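All remarks here apply to the structure that follows.
The values are calculated or read from the model by the stated rules, or taken from the named source; none is laboratory data. As the structure is a computational prediction, the values presented were derived from the model and not from experiment. Backbone-built Cβ (ideal geometry, glycine too); neighbour counts: all protein chains shown. The area values use the complete protein model at the heavy-atom level, side chains included, leaving out ligands, DNA and RNA. Shrake-Rupley method; radii C 1.70, N 1.55, O 1.52, S 1.80 Å.
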Amino acid sequence: MPSRSCANLLDMASGDILDIPQTPRALPRVMTVPGIIADGDSDSTSSSCRERKIVVANMLPLHAQRDTTAKKWLFSLDEDSLLLQLKDGFSPETEVVYVGSLKVDVEHSEQEEVAQRLLEEFKCVPTFVPHDIQEKFYHGFCKQQLWPLFHYMLPMCPDHGDRFDRQMWQAYVSANKVFADKVMEVVNPDDDYIWIQDYHLMVLPTFLRKRYHRVKLGFFLHSPFPSSEIYRTLPVRDEILKGLLNCDLIGFHTFDYARHFLSCCSRMLGLDYESKRGHIGLDYFGRTVYIKILPVGIHMGRLESVMNLSSTFDKAKEVQEQFKGKKVILGVDDMDIFKGISLKLLAFEYLLQQDQNLQGKLVLVQIVNPARSSGKDVQEAKRETYSTAERINKIYGRSNYEPVILIDRPVPRYEKTAYYAVAECCLVNAVRDGMNLVPYKYIVCRQGSPGMDDAMGVKTDSPRTSMLVVSEFIGCSPSLSGAIRVNPWDIEAVAEALNVAITMSDSEKQLRHEKHYRYVSSHDVAYWARSFMLDLERACKDHYRKRCWGIGLGLGFRVIALSPNFRKLSIDHIISSYKRTQRRAIFLDYDGTVVPQSSLIKAPSAEVITLLNSLSNDPKNTVYIVSGRGRKSLSEWLAPCERLGIAAEHGYFIRSSKTSDWECLASDLEWKPIVEPVMKLYTETTDGSYIEPKESALVWHHQDADPDFGSCQAKELLDHLENVLSNEPAVVKRGQHIVEVKPQGVTKGLVAQKVLSMMVDSGTPPDFVMCIGDDRSDEDMFESILSSVSSPSITAAPDIFACTVGQKPSKAKYYLDDTADVLRLLQGLGNASCPKPRHTAHFQVAFDSVL
């Protein structure tokens, strides 16, 4: 069966994409019903159906080894893999399929056979990314550019990181395309949930969303997300943000990481977020992208099973005997520049230097896990670690005492568990780390077990204690409220924290330990997976209640989701209605509707004037421009349109034609002297903001201010003005980069309501109502015309065409793409209009008499 792949998606990266050899038909079976994979030549379908999750990650949760004698591959599950452990959060009936790469290279000729075996035996789908692309994708873009950037390391010069390389970026996109192909081979998009893991696959959601508009997509980032000041330096920043926004749910370990992501969306894409019943949501073209904040946990059962091994008991007794009479501080870290091992050693050295009584009684055991990447930065970190440890041991060591013990080799789990159980304090001093589960493991091991207690000579009913000193820059820090949090760069503060930890009373240690253990044991990996999946299901529940279609090219692709009744206005359809009707009411917004929002020239073109004249000169028509602009500007710009009605400043001023007088819909403006000094105060303290005075309103603009600070100040100003105007006939409203104060009851909706009411009162109830606008204030008009025409005074329901400009959520039933579409519509209506207007219009006389 050929892959259900988006074959043309490789053009999504900018520049020339790398050529990818055709991937082999790794799955010779096809999906027949959700969760059931049958032979490719089978015509039958099974009636059984299981809930299915597809977990996509860079690496599969497998160990692979080549049997050179038998010339075959041997595979086994990696019991320590988070991907495997998260299954505990799902129901036993749930089928979990994994998509990812193997940690070994498989010959092209063997790939199809291996893929079949892995699917049948382990529910795993290998991607087999070509070797040259894999190198540039993983060791190139992921490890040399994304990983350092996400850990706040900028390539300021060639000696400190690699600068952006377009070829590596293209390899990243190409690899994500290969992953997308494999997911598409197995997914049932109507029923399956797809959960993508980590920064290696941040553009994968775009590929999947383009192929299946309603696919159920979740993403979890296991690394930090940097502040916008760091992230904005990435040349492909928008493509990655838009890739993540093609998910339904995006997960982060901490609020800080989520806040940084939301700030980037605000500053770079102009998106605002809001809290919806406790859940943070971003409105992205009609879709709500939810944000999940929950740190991952550990697998309690796996850790406890290792803790109860006889080898662990023996090692714990050995370590306990080795350090008899001494206090052990433990560190377990990967060898890389972000783990802060050398800073930890310097703090320990400072502690020994300041308190000579601790010399000979305090030991730092530092277990160094193998580095996950190689490079000069790692080598420098390793050299510094060894030289610092040697210096400390040389100065403070004795014949039977070595202050620092470096264990730089692969350490089996049972041995690490033994050290966790013996250590009185655990120090995690990373300068930046996504999560770091070492403190969690330490807490569980210090809780012990009957077997461990017996091995270490501890009474079963004796109180349990543990002490944690953790960096404030790691993901687990916020969840460990009983830990001593430190700035790892402050050597003296870390040394002081260590001293506090080892001298703290046992009762205090016990209270902190119990608090931590309750949290760690209840918020395990199963809890994390279950909670994420429940939120993903909730985020996807409205998928089929909306109409979806895709727009955008390349990696800028996104899906618009709108009401099923929301559709593009057919010009032929409205012209047909227009010709049949005799009493028409037409309301048009100005900016963004008849004049492009982006245009620097705000005066209408000759074409617009001609179109407005052709409509307003038709005696069957009552035409109004309804705008937030001032009456002076509108009067000048629309002077050639003698029979055109104008409502300025959202309806505060209104006239039915050029010869009519302006009338006010409200008169009390005594609140203005109260508002102006308040707005001036915020203008002075917010660089880039300014006040726009209108006859009926005051508007504070902050679009040129810092996005975060401007938004914060706008909220403050809103609260401030609502307080001082609580007894005044004025309303305060917040809009797109503005805070506006205007008279109560003055809205565009009120204009439409009054005009329609007067048409009814004059004996000419409308049989055709058209309203076109592009922003929030026009939503009042859409709502108003719908309520007004349903009034009992209108016996025959008119044809109603409420239309917004742009494909976005709206109270309108129709949309037009842009201003050009609006003008084409008006041209069609103009051509169908009566060419010769009456000299006097009955409604104009009636309207003037009412005003």
*Determine if region 101-117 includes at least one residue that is of a type in the set (D, E, K, R), open to solvent by 10 Å² or more (accessible area, probe 1.4 Å) and closer than 28 Å to A526 by Cα.*
yes
_From the options S521, S531, S507, S471, residue that is among the polar types (S, T, N, Q) and crowded, with 22+ Cβ neighbours inside 10 Å_ = S471
*From the set of residues in region 438-468 that are within 31 Å of the chain's Cα centre (by Cα) and not aliphatic (A, V, I, L, M), which is most open to solvent (accessible area, probe 1.4 Å)?*
K441
*Output yes when any residue across region 194-209 is of a type in the set (D, E, K, R), at pLDDT below 95, farther than 17 Å from Y290 by Cβ and out of contact with any helix residue (DSSP H, G or I) (no Cβ under 6 Å at 6 or more places or on another chain), and no when none is.*
no
*Hey, among the residues in region 62-99 that are of a type in the set (S, T, Y) and surrounded by fewer than 18 Cβ atoms within 10 Å (Cβ to Cβ), which one's farthest from E110 (Cα to Cα)?*
S91
*Look at region 184-213 and say how many of its residues are in contact with a Phe, Trp or Tyr (Cβ under 9 Å, 6 or more places away or on another chain), in contact (Cβ under 8 Å) with a residue 60 or more places away in the chain and over 19 Å from L84 (Cβ atoms).*
10
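For every residue, the table says whether it meets (1) assigned to a loop (DSSP other than H, G, I, E, B); (2) under 28 Å from R432 (Cβ atoms); (3) open to solvent by 10 Å² or more (accessible area, probe 1.4 Å).
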| site | (1), (2), (3) |
| --- | --- |
| M168 | no, yes, yes |
| K177 | no, no, yes |
| A180 | no, no, no |
| I196 | no, yes, no |
| F207 | no, no, no |
| H213 | yes, no, yes |
| F219 | no, yes, no |
_What pairs come out if I take residues in region 336-365 that are under 14 Å from N499 (Cα atoms) and in contact (Cβ under 8 Å) with a residue 40 or more places away in the chain and pair them with residues that are open to solvent by 20 Å² or more (accessible area, probe 1.4 Å) and in a strand (DSSP E or B) whose C-beta lies under 8 Å away, six or more apart or interchain?_
L362/K327; V363/K327; V363/I405; L364/I405
*Would you be able to say whether some residue in region 150-164 is surrounded by 16 or more Cβ atoms within 10 Å (Cβ to Cβ) and in contact with a Phe, Trp or Tyr (Cβ under 7 Å, 6 or more places away or on another chain)?*
yes
*asked:* Looking at S696, S726, S657, can you tell me which residue is among the hydroxyl-bearing types (S, T, Y) and closer than 22 Å to S777 by Cβ?
replied: S696
*Given (1) modelled with pLDDT of 95 or more; (2) of a type outside the set (D, E); (3) open to solvent by less than 30 Å² (accessible area, probe 1.4 Å), index of the condition S311 fails*: (3)
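Would you check if there is a residue in region 732-749 being of a type in the set (S, T, N, Q), out of contact with any strand residue (DSSP E or B) (no Cβ under 6 Å at 6 or more places or on another chain) and buried (at least 22 other Cβ atoms within 10 Å of the Cβ)?
Yes: one or more hits.
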_Candidate set: region 661-689, residues that are in contact with a Phe, Trp or Tyr (Cβ under 8 Å, 6 or more places away or on another chain) and not β-branched (V, I, T); chosen: the one farthest from V724 (Cα to Cα)_ = W662
*Among all residue pairs at least 6 apart or on different chains, which show Cβ distances below 7 Å where the first residue, located in region 391-412, is among the hydrophobic types (A, V, I, L, M, F, W, C) and the second is part of a loop (DSSP other than H, G, I, E, B) and open to solvent by less than 50 Å² (accessible area, probe 1.4 Å)?*
I392/P403
*asked:* Taking the condition of being open to solvent by 20 Å² or more (accessible area, probe 1.4 Å), part of a strand (DSSP E or B) and closer than 26 Å to V236 by Cα, how many residues in region 545-567 meet it?
replied: 4
*asked:* Please verify whether I329 is closer than 30 Å to C142 by Cβ, crowded, with 16+ Cβ neighbours inside 10 Å and in contact (Cβ under 8 Å) with a residue 40 or more places away in the chain, treating the condition exactly as stated.
replied: no
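Scan region 182-194 for residues that are open to solvent by less than 10 Å² (accessible area, probe 1.4 Å) and outside any strand (DSSP E or B) and jot them down.
Those that are open to solvent by less than 10 Å² (accessible area, probe 1.4 Å) and outside any strand (DSSP E or B): K182, V183, M184, V186, V187, D192.
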_Can you find, within region 777-807, the residue that is surrounded by the fewest Cβ atoms within 10 Å (Cβ to Cβ) among those that are among the polar types (S, T, N, Q) and in a helix (DSSP H, G or I)?_
S787
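Among the strands (runs of 3 or more DSSP E) lying completely within region 603-716, list those that include at least 3 residues that are open to solvent by 20 Å² or more (accessible area, probe 1.4 Å).
The qualifying strands (runs of 3 or more DSSP E) are 690-693.
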*Listed residues A714, A730, A705, A752; which is among the hydrophobic types (A, V, I, L, M, F, W, C) and free of Cβ contacts under 8 Å to residues at least 24 places away in the same chain?*
A705
*Given (1) in contact (Cβ under 8 Å) with a residue 60 or more places away in the chain; (2) out of contact with any Lys or Arg (no Cβ under 9 Å at 6 or more places or on another chain); (3) not in a helix (DSSP H, G or I), where does S521 come up short, assuming only one miss?*
(3)
*Could you look through region 387-417, keep only residues that are of a type in the set (S, T, Y) and surrounded by 15 or more Cβ atoms within 10 Å (Cβ to Cβ), and pick out the one that is farthest from the chain's Cα centre (by Cα)?*
Y396
